[in-house]
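First up is the structure itself, then whatever we jot down about it.
The values are calculated or read from the model by the stated rules, or taken from the named source; none is laboratory data. Remember, it's a predicted structure, so these values are computed and weren't measured experimentally. In this analysis, Cβ positions are derived from the backbone assuming ideal geometry, glycine residues included, and neighbour counts consider all displayed protein chains. Note: areas computed on protein heavy atoms with side chains; ligands, DNA, RNA excluded. Shrake-Rupley method; radii C 1.70, N 1.55, O 1.52, S 1.80 Å.
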Number of protein chains: 2
Amino acid sequence: MRIVIVGGVAAGMSAASRARRQNPDADIVVFEAGEFISYAACGLPYALGGEVEGSDFGRLVIRTPGQMRQRGISVRLGCQAEGVDARAGTVTVRGPDGATRAEPYDRLLLATGAEPVRPPFAQTDLQGVHVLKSIPDAQALDETLRDAQRVCIVGGGYIGLEMAEMLRQRGLSVVLVERMPEVASILDEPLRAPVRAALERGGVDVRTGVSVSGLTGHGRVTGVQTDAGLIRADTVLVAVGIRPRTELARAAGVTLGASGAIAVNNRQETDVPGISAAGDCAEALHRVTGRPVYIPLALTANRAGRVAGVNMAGGDATFPGIVGTGIFKTFELGIGLSGLTQAQAEQAGLKAASVDLSTTDAAGYHRAARPVHIRLTGEKGSGRLLGAQIVAEEHHAAKRIDVIAALLGTGASVQDLFDSDLAYAPPFSSTWDFPLVAADRLLRLL
Amino acid sequence: MRIVIVGGVAAGMSAASRARRQNPDADIVVFEAGEFISYAACGLPYALGGEVEGSDFGRLVIRTPGQMRQRGISVRLGCQAEGVDARAGTVTVRGPDGATRAEPYDRLLLATGAEPVRPPFAQTDLQGVHVLKSIPDAQALDETLRDAQRVCIVGGGYIGLEMAEMLRQRGLSVVLVERMPEVASILDEPLRAPVRAALERGGVDVRTGVSVSGLTGHGRVTGVQTDAGLIRADTVLVAVGIRPRTELARAAGVTLGASGAIAVNNRQETDVPGISAAGDCAEALHRVTGRPVYIPLALTANRAGRVAGVNMAGGDATFPGIVGTGIFKTFELGIGLSGLTQAQAEQAGLKAASVDLSTTDAAGYHRAARPVHIRLTGEKGSGRLLGAQIVAEEHHAAKRIDVIAALLGTGASVQDLFDSDLAYAPPFSSTWDFPLVAADRLLRLL
């Protein structure tokens with residue numbers, strides 16, 4: 001049996017490892033277009049900001065091609081998959097020498113990942129204009145930052161907010177431009193202002209409700225043109241989201257979902273026999289809505305890759321789905337969310353109610369106590385827990401979103417959350433930790 | 001209707017508040033033997049250690065008698081309940097003036113709490129020998145510590161370990177004596193040594209496997225006699241556990257459980273009609289074993305008090321039970337546990353398996369990453385999640401025990417834990433957060 005995997009980062013390498021464990025005899029080949037495999041892309045902002053020992057991007061590499069080869073997995077770098085003949089069971093691969101070959105497969109995994117969205121203004125030859133998704137992206141940005149003074153980040157999502165902190169940590173001036181009325185627009189409205197406040201306390205010049213129309217400069221960028229005037233900058237980081245790489249899937253005749261990412265079943269199989277997909281190119285089942293969504297995150301890619309690997313190698317694994325958990329840090333703030341926001345619940349046609357609670361993470365009288373805000377959302381009538389959002393001034397407290405994430409996976413109710421025997425000691429929480437207090441209040445509205 | 005509550009700390013005041021909300025017309029009277037009500041006893045070590053603004057014990061008081069009176073709850077301080085006539089429906093109360101009165105009740109709550117165990121050696125007139133459970137205890141200890149230099153803590157449980165840090169923070173020499181072979185003996189054996197190591201790094205002289213036989217001194221204590229010789233100390237803190245105060249319950253003919261604490265049903269009712277019990281004097285249902293246990297903790301007392309208050313006032317509430325969650329901090333270390341340890345599971349007759357995992361709380365390449373150890377326990381055959389123990393060098397990471405606590409409340413399996421969509425970003429966790437990795441490994445053993 002020959003298993004061919006296109007893409008060698010999170011999903012692809014997880015699949016390869018699991019397939020090997022499942023089937024010691026299979027031929028397993030990974031074609032990776034770039035020069036790096038199996039790296040922690042989420043660590044790139046931190047390597048850029050000096051939070052990784054030696055600021056070494058190599059430390060983000062979890063396993064090298066050599067280590068994979070020792071496990072009997074063939075890794076071919078610089079190999080671009082350009083087409084699939086699903087009837088013949090071959091994938092056309094262009095190698096580093098420019099020549100193409102038809103590579104046969106019994107099972108094919110599309111783990112082609114995602115690419116940063118580049119709006120028209122960012123499709124430029126100007127130097128100093130960057131995106132951040134891969135190690136080469138980070139290396140190029142790092143090079144630019146060495147003689148930078150003033151950086152304009154376009155986009156106030158995860159990457160923009162993480163990078164704002166890291167660039168300030170490098171001593172740079174930072175302007176952050178966001179098209180929406182507020183940063184962190186994934187959160188419900190009441191939680192966004194504290195995020196902006198943390199950015200501003202950290203010295204970031206935040207401009208919201210501002211659209212970028214173009215760039216200025218000759219050779220190197222000198223400014224960002226917006227509907228609110230020109231923003232001077234010697235470096236521009238475009239962080240307006242990512243989109244799934246689906247060219248190969250389309251070439252293979254694989255059906256895409258409504259999100260534009262590859263549609264898969266709970267075994268990570270596409271609708272073309274023999275072809276699976278996993279990671280940032282694919283949808284995943286949202287366990288709260290029961291519908292497929294495109295929320296490309298690292299843990300999802302790892303899980304889906306494992307499931308795909310087991311199944312391609314003849315095993316039987318299923319992906320349980322996600323609940324949309326995310327977390328990020330910007331300056332002292334931790335921001336966590338899981339399940340549905342009130343806005344998302346309404347979009348999904350659910351009758352939802354939310355409560356907001358501002359309190360402290362530790363006992364109020366303890367010196368360590370810092371402000372925390374939680375918004376908890378439940379379904380009216382059924383009492384089902386739908387989701388939560390946490391903004392915490394001591395960033396670790398945002399990780400308590402995991403309590404909600406774990407309960408959402410079991411279909412728990414708000415009452416179940418309230419009944420949870422959460423840990424209490426004064427340096428860690430109030431007697432009733434804030435998720436419990438929020439649950440108590442929400443119960444009265446459901 | 002007249003509701004009489006004996007004991008005005010966590011359970012008693014929670015009950016009073018809930019009873020008032022449930023029944024605006026009831027007479028509600030609280031008799032408290034001491035001078036303080038409604039205070040956070042768990043905060044006492046932190047007030048002693050300077051972690052509370054102004055080191056003010058008053059800041060631990062959540063509500064004053066005056067505030068309770070404004071809510072129509074009568075609070076009588078310095079009133080010792082000495083007897084109950086359940087047939088007549090009266091409780092005999094000795095007031096501050098020394099006179100006793102028979103106070104009639106329709107519903108009586110025993111919220112008499114617990115008292116520190118005082119072994120024979122601690123039953124002494126020597127000055128400088130202390131226990132720590134109440135505000136007066138803390139005030140007396142604080143006074144002694146002002147001219148102290150060398151403190152011997154007897155007992156390596158929660159209070160002993162918390163106080164070891166706080167006393168070092170006050171600049172004192174600290175010797176900790178523990179009878180068992182290791183401190184933190186509530187944990188399974190592999191997790192105890194790191195706790196000892198943290199104490200020793202913090203400058204505590206730890207002596208384990210040592211039994212105390214007596215004290216030396218005239219007027220003020222000068223030393224602790226042990227089976228391993230004399231330990232010089234000008235102050236001794238005896239922290240060898242607490243026991244439920246059940247004199248009044250026994251006087252009322254209320255049945256005690258096997259633990260020695262008051263047996264209650266899930267409405268917090270005793271077996272004597274009209275008499276309920278809640279808090280540190282009562283047992284609680286352990287949801288993992290389905291059996292009553294005596295694990296006196298603040299959240300349990302608050303919950304049980306609320307349930308008792310609602311029911312006494314004519315409502316209908318049930319206590320869901322606990323899962324035995326606890327957490328504490330000593331020096332940089334956070335220690336969390338929930339459910340059953342391997343030892344407890346075996347004592348309960350369960351076929352249990354455990355895995356130990358030593359990793360980091362944040363992504364391994366991130367500067368913030370600190371060592372963390374988790375032991376996860378599940379039931380063979382059924383695959384049921386039974387419990388976890390976490391020892392974390394960045395103390396916040398121990399609060400991730402809440403994921404296990406929440407899942408235990410829903411009867412979840414180890415697979416459910418593994419399937420949990422926990423939050424990941426490099427400053428917070430590895431892609432697979434450590435509870436997930438532990439679950440993955442444990443699944444292979446079940």
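Overview of results
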{"quantity": "In segment A:416-443, the residues that are more than 9 Å from every other protein chain (Cβ to nearest Cβ), in contact with a Lys or Arg (Cβ under 9 Å, 6 or more places away or on another chain) and not aromatic (Phe, Trp, Tyr)", "calculated": "A:Ala438"}
{"quantity": "Candidates A:Ser185, A:Ser213, filtered to the one that is touching a Gly at 6+ places or on another chain (Cβ under 8 Å), hydroxyl-bearing (Ser, Thr, Tyr) and not in a helix (DSSP H, G or I)", "calculated": "A:Ser185"}
{"quantity": "Residue match in segment A:160-170 (condition: open to solvent by less than 20 Å² (accessible area, probe 1.4 Å) and either modelled with pLDDT under 95 or not in a helix (DSSP H, G or I) (or both))", "calculated": "no"}
{"quantity": "Selection count where residues are in a helix (DSSP H, G or I), within 7 Å of another protein chain (Cβ to nearest Cβ) and under 23 Å from B:Phe319 (Cβ atoms), scope segment A:393-415", "calculated": "3"}
{"quantity": "Only listed residue being buried (at least 19 other Cβ atoms within 10 Å of the Cβ), within 11 Å of chain A (Cβ to nearest Cβ) and at positive phi, chosen from B:Gly326, B:Gly279, B:Gly321", "calculated": "B:Gly321"}
{"quantity": "Unique residue being open to solvent by 20 Å² or more (accessible area, probe 1.4 Å), under 20 Å from B:Ala261 (Cβ atoms) and either β-branched (Val, Ile, Thr) or in the same structural domain as B:Leu256 (by TED's automatic domain parsing) (or both) when the list is B:Ala86, B:Ala99, B:Ala81, B:Ala111", "calculated": "B:Ala86"}
{"quantity": "Positions within segment A:399-416 being on the phi < 0 side of the Ramachandran plot and either touching a residue at least 40 places away in the same chain (Cβ under 8 Å) or open to solvent by 10 Å² or more (accessible area, probe 1.4 Å) (or both), in sequence order", "calculated": "A:Lys399, A:Arg400, A:Ile401, A:Asp402, A:Ile404, A:Ala405, A:Leu408, A:Gly409, A:Thr410, A:Ser413, A:Gln415, A:Asp416"}
{"quantity": "Boolean, A:Asp97 is assigned to a loop (DSSP other than H, G, I, E, B), over 30 Å from A:Met1 (Cα atoms) and among the acidic types (Asp, Glu)", "calculated": "no"}
{"quantity": "One residue from B:Leu237, B:Leu176, B:Leu199 being open to solvent by less than 30 Å² (accessible area, probe 1.4 Å) and part of a helix (DSSP H, G or I)", "calculated": "B:Leu199"}
{"quantity": "Qualifying positions in segment A:37-57 - outside any loop (DSSP other than H, G, I, E, B) and open to solvent by less than 40 Å² (accessible area, probe 1.4 Å)", "calculated": "A:Tyr39, A:Ala41, A:Gly43, A:Leu44, A:Pro45, A:Tyr46, A:Ala47, A:Leu48, A:Val52, A:Phe57"}
{"quantity": "Test: residue in segment A:30-39 that is more than 30 Å from A:Leu167 (Cβ to Cβ) and not assigned by TED's automatic domain parsing to the domain that holds A:Asp142", "calculated": "yes"}
{"quantity": "Number of the condition not met by A:Thr300 [criteria: (1) open to solvent by 10 Å² or more (accessible area, probe 1.4 Å); (2) among the polar types (S, T, N, Q); (3) within 9 Å of chain B (Cβ to nearest Cβ); (4) touching a helix residue (DSSP H, G or I) at 6+ places or on another chain (Cβ under 7 Å)]", "calculated": "(4)"}
{"quantity": "Unmet requirement for B:Thr289, which otherwise passes all of (1) open to solvent by less than 30 Å² (accessible area, probe 1.4 Å); (2) outside the structural domain of B:Ala148 (by TED's automatic domain parsing); (3) more than 30 Å from B:Val30 (Cβ to Cβ)", "calculated": "(1)"}
{"quantity": "Candidate set from segment A:2-16 (those that are in a helix (DSSP H, G or I) and more than 13 Å from chain B (Cβ to nearest Cβ)); member that is surrounded by the fewest Cβ atoms within 10 Å (Cβ to Cβ)", "calculated": "A:Gly12"}
{"quantity": "Selection count, segment B:372-398, where residues are open to solvent by 10 Å² or more (accessible area, probe 1.4 Å) and either free of Cβ contacts under 8 Å to residues at least 12 places away in the same chain or more than 13 Å from B:Ser358 (Cβ to Cβ) (or both)", "calculated": "9"}
{"quantity": "Any hit, segment A:416-434, residues being under 31 Å from the mean Cα position of the chain (by Cα), among the charged types (D, E, K, R) and not in a loop (DSSP other than H, G, I, E, B)", "calculated": "yes"}
{"quantity": "Selected residue (only one of A:Thr144, A:Thr112 is of a type in the set (Ser, Thr, Tyr), under 26 Å from the mean Cα position of the chain (by Cα) and in a helix (DSSP H, G or I))", "calculated": "A:Thr144"}
{"quantity": "Enumeration of residues in segment B:347-371 that are open to solvent by less than 50 Å² (accessible area, probe 1.4 Å), part of a loop (DSSP other than H, G, I, E, B) and under 24 Å from B:Val293 (Cα atoms)", "calculated": "B:Ala348, B:Leu350"}
{"quantity": "Filter pass, B:Arg21 being open to solvent by 40 Å² or more (accessible area, probe 1.4 Å), within 14 Å of another protein chain (Cβ to nearest Cβ) and not hydrophobic (A, V, I, L, M, F, W, C)", "calculated": "yes"}
{"quantity": "Residues of segment B:121-152 satisfying the condition of being under 22 Å from B:Ala33 (Cα atoms) and open to solvent by 40 Å² or more (accessible area, probe 1.4 Å)", "calculated": "B:Gln123, B:Lys133, B:Pro136, B:Gln139, B:Ala140"}
{"quantity": "Residue count, segment A:266-295 (criterion: within 21 Å of the chain's Cα centre (by Cα) and part of a loop (DSSP other than H, G, I, E, B))", "calculated": "13"}
{"quantity": "Test: residue in segment B:119-130 that is assigned to a helix (DSSP H, G or I) and either without any contact (Cβ under 8 Å) to a residue 12 or more places away in the chain or on the phi > 0 side of the Ramachandran plot (or both)", "calculated": "yes"}
{"quantity": "Counted residues, segment A:417-431 - those being touching a residue at least 12 places away in the same chain (Cβ under 8 Å) and among the aromatic types (Phe, Trp, Tyr)", "calculated": "2"}
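Residue-wise test of (1) within 24 Å of B:Ile3 (Cβ to Cβ); (2) open to solvent by less than 60 Å² (accessible area, probe 1.4 Å).
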{"residue": "B:Ala228", "(1), (2)": "no, no"}
{"residue": "B:Ile231", "(1), (2)": "no, yes"}
{"residue": "B:Ala252", "(1), (2)": "yes, yes"}
{"residue": "B:Asn266", "(1), (2)": "yes, no"}
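This table checks each residue for (1) in contact (Cβ under 8 Å) with a residue 60 or more places away in the chain; (2) hydrophobic (A, V, I, L, M, F, W, C); (3) in contact with a His (Cβ under 6 Å, 6 or more places away or on another chain).
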| site | (1), (2), (3) |
| --- | --- |
| A:Ala15 | yes, yes, no |
| A:Ala33 | no, yes, no |
| A:Ile73 | no, yes, no |
| A:Arg76 | no, no, no |
